[in-house]
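> I have a structure here, written as structure tokens, and I will follow up with some questions on it.
The values are calculated or read from the model by the stated rules, or taken from the named source; none is laboratory data. The shown structure was predicted, so the numbers you read here are calculated from the model rather than taken from an experiment. Note that we place each Cβ from the backbone using ideal geometry, even for glycine, and neighbour counts take in every protein chain shown. The accessibility values were calculated without ligands, DNA or RNA, using every heavy atom of the protein model including side chains. Shrake-Rupley method; radii C 1.70, N 1.55, O 1.52, S 1.80 Å.
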Amino acid sequence: MNNNTHCHQLREHLEAYVLNALDADTSMIVRKHLASCPDCQQIVRDYESIVSDLPDVLSNLSPLELPPNAKQQLMATINQQSNHYQSTASTPPAAAPYRPQPQSRMPHNLTRYARPVFNLLFVISLAVSAFLGVALAHERNLRLSLESNTELIFEIVDSDHTQRAFLALADPSLSEQRPYGKVFKRDDMPLVVAMTGRLPQPPTGQTYNLWLFMDEQAERAGEIVVDHMGFGALVYDAQRVDPEFERAQVILQSAASTTPVGTTILSWQAQ
Amino acid sequence: MEDKSNSSISNEDLIIQVAEGDKVAFSLLYDRFSRTVYILAAHTLGTSDAEEALQEIFLRLWNQAHQYDENRGEFKHWFMAIARNYLRDKLRKRSKENQLFVSNEIYHLLSDIIPDSKIPVEEEIIGRERSEVLLNALQKLPDEQRRVILLAYFNGLSQSAIANQLNLPLGTVKKRIKLGMEKLRRSVFNLVPQIEEKPEQDE
């Protein structure tokens with residue numbers, strides 16, 4: 001496939017890209033292409049200027065008015081926040097964009113039937129961990145919703161500081177479905193993002209866990225919950241900037257597993 | 001978009017100042033965009049939740065100001081994405097019926113006013129605000145193209161989610177989005193329309 005063909009194919013997606021209506025993988029591919037294609041960049045800029053005016057169009061037609069005290073309340077909140085950071089000598093809000101999300105956030109695209117199952121599995125895994133003497137304080141899995149953290153994920157997967165690794169299929173029995181995955185990290189942040197595609201739904205009682213290995217030490221980054229298209233994402237706080245690891249695996253295993261034992265589905269190894 | 005004060009300072013310059021903790025610059029951006037964000041929130045979540053949404057969205061702006069990168073596009077588009085992401089997340093937690101109501105309401109609001117189609121194209125663009133040109137172009141779209149574009153933008157739905165909601169083939173949705181957006185672009189930027197535009201035959 002030459003570059004012109006590739007560009008021509010990607011142009012078919014520019015409209016949906018600007019509307020944020022593409023799936024995450026295609027969106028990422030388009031974004032990468034835009035970084036080196038001035039023609040497509042111009043088209044996207046035209047579209048962006050159009051869609052960014054849509055709220056104005058709605059606003060001009062709407063009879064609603066702004067609440068009178070809204071600004072006052074907002075500025076009071078901003079001042080409170082600023083005063084708090086000053087008094088505690090913490091990083092000002094503008095410099096502290098990355099905060100671990102509450103663990104009560106639900107993973108991406110759980111169906112209504114999977115949500116209570118996930119909650120139950122989560123509770124069981126906590127109980128088993130406590131029984132086995134695993135300190136819960138070491139559980140650093142961030143169960144984040146892809147949708148509510150899109151901006152954060154883009155910050156990690158698409159920047160000049162980003163390093164990425166491709167998780168190749170390690171289980172030949174899935175060669176027909178061709179699942180794949182990618183792991184992203186930045187050399188100036190402690191967060192690791194993993195994304196998978198075309199993973200089949202795991203059997204009951206099993207989940208896909210991402211494991212990271214360094215010097216033969218295994219670190220469970222967390223569970224990847226996949227939607228009906230096999231797409232899943234995970235944001236993991238490694239608690240150290242530019243986390244190094246020499247191997248990454250997505251392992252299909254029991255939901256309560258605390259060791260990397262199971263069926264390795266996707267794998268990456270440092271050269 | 002009307003600038004209420006200090007109109008000579010660009011949004012891009014203001015957000016850089018906000019990133020440095022400049023509350024005056026933040027206040028100016030609030031003045032410029034607050035009504036638009038509030039109306040968007042009100043029509044998406046309802047007026048009872050719109051004020052909270054307005055606060056949260058501007059708080060995100062305050063806390064994420066340093067993330068704006070002018071090399072990646074205009075401030076307005078970046079900020080509207082912040083607003084839309086917040087509203088989309090809130091909307092998705094609501095029932096399907098509620099979501100459908102929102103999309104119908106916005107759809108009808110943007111479809112019901114009849115534009116003055118007797119004004120020549122050149123006069124439509126010269127001297128008219130951008131949003132009026134866009135509204136005119138939007139209302140000239142076939143209903144089915146306008147519908148999918150509004151679902152994608154205001155409801156934050158992906159192409160596949162739209163196809164699912166409207167019970168249409170994915171390819172049909174893709175084509176409607178592409179054709180509709182292309183027509184908007186040609187209208188707004190006064191580009192030469194395609195010769196012999198064929199009626200949509202995507203079903």
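> Of all residues in segment B:150-178, which are more than 20 Å from residue A:25 (Cα to Cα) and either surrounded by fewer than 21 Cβ atoms within 10 Å (Cβ to Cβ) or of a type in the set (Ser, Thr, Tyr) (or both)?
Of all residues in segment B:150-178, those more than 20 Å from residue A:25 (Cα to Cα) come to B:150-151, B:154-155, B:165-169, B:172, B:176.
Within segment B:150-178, B:165, B:166, B:167, B:168, B:169, B:172 qualify.
> Scan segment A:259-267 and give yes if some residue there is within 20 Å of residue A:180 (Cβ to Cβ) and open to solvent by less than 10 Å² (accessible area, probe 1.4 Å), otherwise no.
yes
> Just give me the residues in segment B:51-67 being open to solvent by 30 Å² or more (accessible area, probe 1.4 Å) and not polar (S, T, N, Q), in sequence order. Spell out the reasoning first.
Applying the first criterion (open to solvent by 30 Å² or more (accessible area, probe 1.4 Å)) to segment B:51-67 yields B:51-52, B:56, B:60, B:64, B:66-67.
B:51, B:52, B:56, B:60, B:66, listed by residue number.
> While we're here: Name the single residue, out of those in segment B:34-49 being more than 8 Å from every other protein chain (Cβ to nearest Cβ) and not polar (S, T, N, Q), that is most open to solvent (accessible area, probe 1.4 Å). I'd like the intermediate steps shown before the answer.
From segment B:34-49, those more than 8 Å from every other protein chain (Cβ to nearest Cβ) are B:41, B:44-46, B:48-49; that's our starting set.
Of the ones still in play, those that are also not polar (S, T, N, Q) are B:41, B:45-46, B:49.
Details: B:41: 0, B:45: 14, B:46: 24, B:49: 54 Å².
Per the criteria, the residue is B:49.
> Somewhere in segment A:239-252, is a residue open to solvent by less than 10 Å² (accessible area, probe 1.4 Å) and over 17 Å from the mean Cα position of the chain (by Cα)?
Initial filter on segment A:239-252 (open to solvent by less than 10 Å² (accessible area, probe 1.4 Å)): A:243, A:248, A:250-251.
When the remaining residues are screened for being over 17 Å from the mean Cα position of the chain (by Cα), the result is A:251.
Yes: one or more hits.
> Next up: Give segment A:193-246 a look and list any residue that's within 14 Å of another protein chain (Cβ to nearest Cβ) and charged (D, E, K, R), or say none.
Step one: of segment A:193-246, the residues within 14 Å of another protein chain (Cβ to nearest Cβ) are A:197, A:227-231.
Hit for segment A:193-246 is A:227, nothing else.
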